[in-house]
Amino acid sequence: MITEKESVKKRIAAASKGVDADLVIKNGKIVDVFNLEIIEADVAVSENKIVGIGHFQGKTEVDASGQYICPSFIDGHVHIESSMVTPSEFSKVVLPHGVTTVIADPHEIANVSGTKGIQYMLDASEGIPLDVFVMLPSCVPATPFENSGATLLIDELKPFFRHERVIGLGEVMDFPSVKHQSESMIDKLSQSKEAGAVIDGHGAGLSPDDINVYSTANIQTDHECETAEEAKVRLQRGLYVMLREGSVAKNVKALLKAVTPANSRRCFFCTDDKHLDELITEGSIDHNIRLAVEQGFDPLMAIQMASLNAAECYGLKNKGAIAPGYEADFLLLDDLNKVTINKVYKSGYLVAENGRCMVKIEDEYTESHVVKNTVNLPEMNKELFKIPMEQDEVANIIEVVPNSLVTRHRKEKVASMNGEFESSVSNDLLKIAVVERHHATGNIGLGIVNGLHLKKGAIATTIAHDSHNVVVTGVNDADIVRAVKAIETISGGIVVVNDGEVIASLPLPIAGLMTDQQASTVVSEVNELHKALSKLGFAEDFHPFVTLSFLALPVIPELKMTDKGLFDVKKFAHIPLFER
């Protein structure tokens, strides 16, 4: 095995043109992310690093005439679990979209399986041609107002800081614990600071004064801005701002209004949560760039945000640029404005071309059994899902905002049938429930949701951020119960039920979040789920499964569901379903 000393000597020899470089990309137009200019020159690569810009000879030469050479992309904040496939399969999907590095927060699987979940994600992402850097989950559970599969304190997290790919503390979403100086939270923040780690924020709905508290606590980023005004407040207080475009939260267009040449170096892109089918058809960070350019944004600045800015935020000192000493992670683009990716290079090797992964990536990690069999439910029956009520009571209702994680808190009178609430298709008021699935406690939180537009049947999933209990909604209790039972049968996943029959399902046996199936198989099953939705009368322009999964997240305003009941995020407390 070649030593680092020998490798440096070889790179210097190639840089000084004493020997031919391993690879030379000739005749291309280099995207200079430092000066936001185009350079016409060769790019020389040796020992997996860029060694020169200029005129070089190479053992292998690639003619890039008419093409742009730009640094590959970095997803600044992503939950790989949301793709529903393993890290190796995820890499096959994002590499053709120019993403060669991700900053992953495994708090989804950690909320189910604790430290075993974190270790699984580290082990399963080892040795793949995608650099997966990990932020340790800071809030497991996300709040003390729900049941998750684990509780992670600093003693559980501290050993992971020794791992070379662990670079920080993941999104701190429990703001009250920060503000009120909870010992557990302060332990995590101070240990992260001592380890020289980056700390991610989660500032959904926070005021400027609240952001003062976050910044004081050494929290350095936020990916939860919804408006340009929110973004500016965070930039003013020294935070990096991520422009997110996921399956539900789509914020790039709104936040671009806050990005200027003066502050753009403090901004970068992320996907956060994006389903596999959309990653394949729409793209990853390349899609964010295209959206920005379509809005009139400078493509060079957008590429800078997608590469160098994220690298600098997370201390990845040799990533994010076409320059000597930087890792040879780069793209050849046929069209700069459309981000048309012709070739993707990782460490100087071709890994994707014309939308296809060109390397064989095996899922060599075989210990996934440690994070399986995670759905534990008591016996389900219709009685458990009854919502007793008087006639025409005023209910606190969750109102869905399409393509947003935020919901609205709506109050209105609802009719009772035989002394209980029943879903009303005509009023688009459906029953929603969160069923605790980790410890078979029997906890079931019940509520009412508006805006899901189902006309028949029920849908259920164990993807229920962030504690990942079972979340289910439907127009009748029989189908709701059938859906929950089906979830248990497949050991977690997504199901669609109509008239007592499971008409589509996607088993996700790894923590109820992921499958070890190939991406093509998963996409086929996802397509069947969407076809099944049409049989339930759904015809809206948003993603109902992902939307449902976030209705259980009690850290994003305004009203959400937990296994303990209806949760008012502004009050940070449970509230009764009916105003009495």
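The table below gives the values:
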quantity	calculated
Residue within the range 230-243 that is buried (at least 24 other Cβ atoms within 10 Å of the Cβ) and of a type in the set (Ser, Thr, Tyr) present	no
Scope the range 93-144; condition surrounded by fewer than 24 Cβ atoms within 10 Å (Cβ to Cβ) and of a type in the set (Asp, Glu); matching residues	123, 126, 131
Failed condition for residue 6, given (1) of a type outside the set (A, V, I, L, M, F, W, C); (2) within 23 Å of residue 317 (Cα to Cα); (3) surrounded by 18 or more Cβ atoms within 10 Å (Cβ to Cβ)	(3)
Conditions (1) modelled with pLDDT of 95 or more; (2) in contact with a Pro (Cβ under 6 Å, 6 or more places away or on another chain); (3) not hydroxyl-bearing (Ser, Thr, Tyr); number of the one not met by residue 205	(1)
Hey, residue 350 surrounded by fewer than 19 Cβ atoms within 10 Å (Cβ to Cβ), of a type in the set (A, V, I, L, M, F, W, C) and part of a strand (DSSP E or B) or not	yes
Some residue of the range 372-389 being outside the structural domain of residue 86 (by TED's automatic domain parsing), part of a strand (DSSP E or B) and over 23 Å from residue 510 (Cβ atoms)	yes
Answer residue from the range 213-229, given it is free of Cβ contacts under 8 Å to residues at least 40 places away in the same chain and within 19 Å of residue 556 (Cα to Cα) and is surrounded by the most Cβ atoms within 10 Å (Cβ to Cβ) among those	222
All strands (runs of 3 or more DSSP E) inside the range 1-91 with 2 or more residues being under 23 Å from residue 131 (Cβ atoms) and in contact (Cβ under 8 Å) with a residue 60 or more places away in the chain	21-26, 29-32, 42-46, 49-54, 68-71, 73-78
Lone unmet requirement of (1) touching a His at 6+ places or on another chain (Cβ under 6 Å); (2) at pLDDT 95 or above for residue 173	(2)
Hits in the range 177-216 (condition: hydroxyl-bearing (Ser, Thr, Tyr), farther than 22 Å from residue 317 by Cβ and in a helix (DSSP H, G or I))	177, 184, 190, 214, 215, 216
Positions within the range 552-572 being among the β-branched types (Val, Ile, Thr) and modelled with pLDDT of 95 or more, in sequence order	562
Enumeration of residues in the range 528-543 that are crowded, with 18+ Cβ neighbours inside 10 Å and either modelled with pLDDT under 90 or out of contact with any Phe, Trp or Tyr (no Cβ under 8 Å at 6 or more places or on another chain) (or both)	532, 533, 536, 538, 542, 543
Complete set of residues in the range 152-204 that are more than 28 Å from residue 125 (Cα to Cα), small (Gly, Ala, Ser) and in contact with a strand residue (DSSP E or B) (Cβ under 7 Å, 6 or more places away or on another chain)	203
Checking residue 417 against (1) surrounded by fewer than 17 Cβ atoms within 10 Å (Cβ to Cβ); (2) in contact (Cβ under 8 Å) with a residue 12 or more places away in the chain; (3) out of contact with any Asp or Glu (no Cβ under 6 Å at 6 or more places or on another chain), the condition it does not meet	(2)
Where residue 452 falls short, out of the listed (1) at pLDDT below 95; (2) in contact with a helix residue (DSSP H, G or I) (Cβ under 9 Å, 6 or more places away or on another chain)	(1)
Candidate set: the range 163-199, residues that are of a type in the set (Asp, Glu) and within 16 Å of residue 110 (Cβ to Cβ); chosen: the one surrounded by the most Cβ atoms within 10 Å (Cβ to Cβ)	171
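Residues are listed down the side, and each one gets a yes or a no for (1) in the same structural domain as residue 79 (by TED's automatic domain parsing); (2) among the basic types (Lys, Arg); (3) in contact with a Phe, Trp or Tyr (Cβ under 9 Å, 6 or more places away or on another chain):
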residue	(1), (2), (3)
444	no, no, yes
449	no, no, no
452	no, no, yes
456	no, yes, no
460	no, no, no
464	no, no, yes
467	no, no, no
479	no, no, no
490	no, no, no
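The values are calculated or read from the model by the stated rules, or taken from the named source; none is laboratory data. This one's a predicted model, so the numbers in the text were calculated from it and none came from an experiment. Heads up, the Cβs are rebuilt from the backbone with ideal geometry, glycines too, and the neighbour counts pull from every protein chain shown.
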